[in-house]
1. When the residues of segment 236-247 are filtered to those that are open to solvent by 30 Å² or more (accessible area, probe 1.4 Å) and either in contact with a strand residue (DSSP E or B) (Cβ under 7 Å, 6 or more places away or on another chain) or not in a loop (DSSP other than H, G, I, E, B) (or both), which remaining residue is farthest from Leu367 (Cα to Cα)?
2. Hey, can you tell me all the residues within segment 248-276 that are surrounded by fewer than 16 Cβ atoms within 10 Å (Cβ to Cβ) and more than 30 Å from Val189 (Cα to Cα)?
3. Output the number of the condition that Gly385 fails; it satisfies all remaining conditions of (1) open to solvent by 30 Å² or more (accessible area, probe 1.4 Å); (2) in a helix (DSSP H, G or I); (3) farther than 30 Å from Gly80 by Cβ; (4) out of contact with any helix residue (DSSP H, G or I) (no Cβ under 6 Å at 6 or more places or on another chain).
4. In segment 212-226, how many residues are of a type in the set (A, V, I, L, M, F, W, C) and not in a loop (DSSP other than H, G, I, E, B)?
5. For Ala83, all conditions in the list (1) within 16 Å of the chain's Cα centre (by Cα); (2) crowded, with 24+ Cβ neighbours inside 10 Å hold save one; what is the number of the exception?
6. Say whether the condition of being within 22 Å of Trp186 (Cα to Cα) and aliphatic (A, V, I, L, M) is met by at least one residue in segment 79-93.
7. Val68 fails exactly one of the following numbered conditions: (1) in a helix (DSSP H, G or I); (2) under 23 Å from Leu247 (Cα atoms); (3) open to solvent by less than 20 Å² (accessible area, probe 1.4 Å). What is the number of that condition?
8. Testing Asn298 on (1) within 18 Å of Leu367 (Cβ to Cβ); (2) touching a Lys or Arg at 6+ places or on another chain (Cβ under 9 Å), one condition comes back false. Which one is that?
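The values are calculated or read from the model by the stated rules, or taken from the named source; none is laboratory data. These numbers were taken from a predicted model, which means no experiment stands behind them. With ideal geometry, Cβ positions are generated from the backbone for all residues, glycine too; neighbour counts draw on all protein chains shown. Quick note on the areas: whole protein, heavy atoms, side chains included, nothing else; ligands and nucleic acids left out. Shrake-Rupley method; radii C 1.70, N 1.55, O 1.52, S 1.80 Å.
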Amino acid sequence: MSAQARGNIDPLDPLGVDDLLSAEEIAIRDTVAKLVKDRIAPHVAGWYETGALPEVRELVKDLGAIGVLGMHLTGYECAGMSAVAYGLACLELEAGDSGIRSLVSVQGSLAMFAIWNWGSEEQKQTWLPRMARGEAIGCFGLTEPDHGSDPAGMTTHGRRDGSDWILDGRKMWITNGSIADVAVVWAKVDGSIRGFVVPTDARGFSAPDIKHKGSLRASVTSELVLDGVRLPADAVFPEVLGLRGPLSCLNEARYGIVWGAMGAARSAFATALDYSMTRTQFDKPLAAYQLTQQKLANMSLELNKGLLLALHLGRRKDAGTLLGQQVSYGKLNNTREAIEICRTARTILGANGISYEYPIIRHMNNLESVLTYEGTPEMHTLVIGQALTGAAAFR
């Protein structure tokens, strides 16, 4: 059925969000969408099923070639694109798979952003151009086995030994860990948190993969083990102290998730919409039943509200007026609604909804992780609560 037959409404853009985008933004989005269609979509269900990401370095170079790695950063061979353009790239990447968007987010918004924002000029020159080209992969070590939502309790620590630094500790649930060339590691030094740029070939550094995952299976997830890792004096970020350093990076990644979650939701919605119009039961298509149309209408409503919220936050970010609490609104709402859209889409497909022939169950399982990382729903709820009341309820 044509869009015109539906009353001139595009079922995948019923509110005309595309009209709010510039020609350049649409071109960037379409470039990323083409890479996902050609390079990722034909293989990702198999990657997910086997829990492997083969030829990952070649994939990272392909992503670097279209400029999406650190694309919202300036200088050092980074593309210098807008926040909205970066968000649209995350939307398309996660429409392919959350694991692929996570790879790009960790590379650009965590590892590269940390070096770009807090690193010395030597650290920037050494790593950022190679990372932007996809010739070097980064990871970001903050979460620990016993410290997730409360990073201030971390036990990884650094100490001076002459002019050198010695790092000891463990980090957990680290995307890109075992394939990384460089790790940004946060550690306590004399009671304050500091960041270190750690080449992963340093003696005492290891990154065993985490196996048996039921989510983000098309993604490399590792533990970082630092056993007396010796680093030169200039490995530390020169100025930033405390949680201000890592939390600034997390806000960058959370912003990408606001868009990315809607990509997974859009993929699930589009699949359910198409299926409902071709699957016949009781002599007519599922789409002709009131209950199915209610599901489709509700999914479309939440999907497009989420896209408008993401775009609004992106415009504020480009204007330099975006607040961290506003990012929490986006992360909390869009991840929560995305997973509900996927669950509803699954019901329209019935038993077929759990088959890897369709993307829905893969997106749904992935979003269980996206819901939690970069701040759980509970933490973002309390961030918003504090913003509204002025009372901190974290403890």
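1. Our first condition is that a residue be open to solvent by 30 Å² or more (accessible area, probe 1.4 Å); within segment 236-247, this holds for 238-239, 241, 243-244, 247.
Checking the rest, the ones that are also either in contact with a strand residue (DSSP E or B) (Cβ under 7 Å, 6 or more places away or on another chain) or not in a loop (DSSP other than H, G, I, E, B) (or both) come to 241, 243-244, 247.
Values: Leu241: 32, Leu243: 26, Arg244: 27, Leu247: 22 Å.
Filtering first and then ranking leaves Leu241.
2. Applying the first criterion (surrounded by fewer than 16 Cβ atoms within 10 Å (Cβ to Cβ)) to segment 248-276 yields 248, 274.
Answer for segment 248-276, where residues must be surrounded by fewer than 16 Cβ atoms within 10 Å (Cβ to Cβ) and more than 30 Å from Val189 (Cα to Cα): just Asp274.
3. For Gly385, the exception is condition (1).
4. Just the residues of segment 212-226 that are of a type in the set (A, V, I, L, M, F, W, C), to begin with: 216, 218, 220, 224-226.
After this cut, where a residue has to be not in a loop (DSSP other than H, G, I, E, B) as well, the list is 224-226.
Looking only at that region, the number is 3.
5. So the condition that Ala83 fails would be (2).
6. So the first thing to find is which residues in segment 79-93 are within 22 Å of Trp186 (Cα to Cα), and the list is none.
No, segment 79-93 has no match at all.
7. (1)
8. Only one criterion in (1) within 18 Å of Leu367 (Cβ to Cβ); (2) touching a Lys or Arg at 6+ places or on another chain (Cβ under 9 Å) is unmet by Asn298, namely (2).
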